[in-house]
Each structure stands twice: as C-alpha cells, then as structure tokens.
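This report concerns only the one structure given below.
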Amino acid sequence: NATKAAAIEALALGFERGSIQIVNDPVLIGELQAYEMTRLPSGAIRYSAPEGMHDDTVMAAAIGYHAAGRPDPSSLIAIW
C-alpha cells in the first residue's frame, strides 16, 4: 500500500505541476476522474476506484510515471 500511495501521489503532483500530458482517451480520463482517496478508521489512506469501477489505466499511468524516475517538475512526460 505504501508503494501504491507513493506512485499515486507522485502522479497527482505531476498533474498539479503540469508535467504530465495524457492521450485523449475516454477510459483513462474517466478512471482518473473517478479515482478516489478514502481515509480508513485506522487513519491510513486507501487509493482506489469506486466500487464496481476499474483503475487499470490509472495504475498503468502511475507505474509509467514512477518508472520515468519522477522527473524534474519542469520536464514534460507524455503518457500514451
């Protein structure tokens, strides 16, 4: 869970900084828009798609961004 959280948080930061460019794919965009964070009673945070939805493309984007080495915020990463 810690690795997943780190990858998702890095991806979110990349979007906030404008260092990620994605393809205009309705599946990816829909999954990104639906993706959510839930604070558990223990205080831990869980990142996931809402029940009944998928997060495969979100996770692929997060892994790809992580594999790119979390580049300098001024560089642009394209996720196709």
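Couple of notes before you dig in:
- Dividing the C-alpha radius of gyration of the chain by 2.2 N^0.38 Å, with N its residue count, gives 1.09.
- C-alpha long axis of helix 56-67 to longest principal axis of the chain, angle in °: 50 degrees
- Computed per residue of the chain from DSSP H runs no shorter than four, each worth -39500 (n - 2.57), the mean residue ellipticity at 222 nm is -14500 deg cm²/dmol.
- Accessible area per residue, Å², the chain with all protein chains present, probe 1.4 Å: 65 Å²
- Heavy-atom accessible surface of the range 1-53: percent carbon and sulfur, 1.4 Å: 53 percent
- For the options 11, 32, 40, a Gaussian network treatment of the chain with springs between C-alpha atoms closer than 10 Å singles out 40 as fluctuating the most.
The values are calculated or read from the model by the stated rules, or taken from the named source; none is laboratory data. All values reported here derive from a predicted model rather than from experimental measurement. Keep in mind that these areas ignore ligands, DNA and RNA; they rest on the heavy atoms of the full protein, side chains included. Shrake-Rupley method; radii C 1.70, N 1.55, O 1.52, S 1.80 Å.
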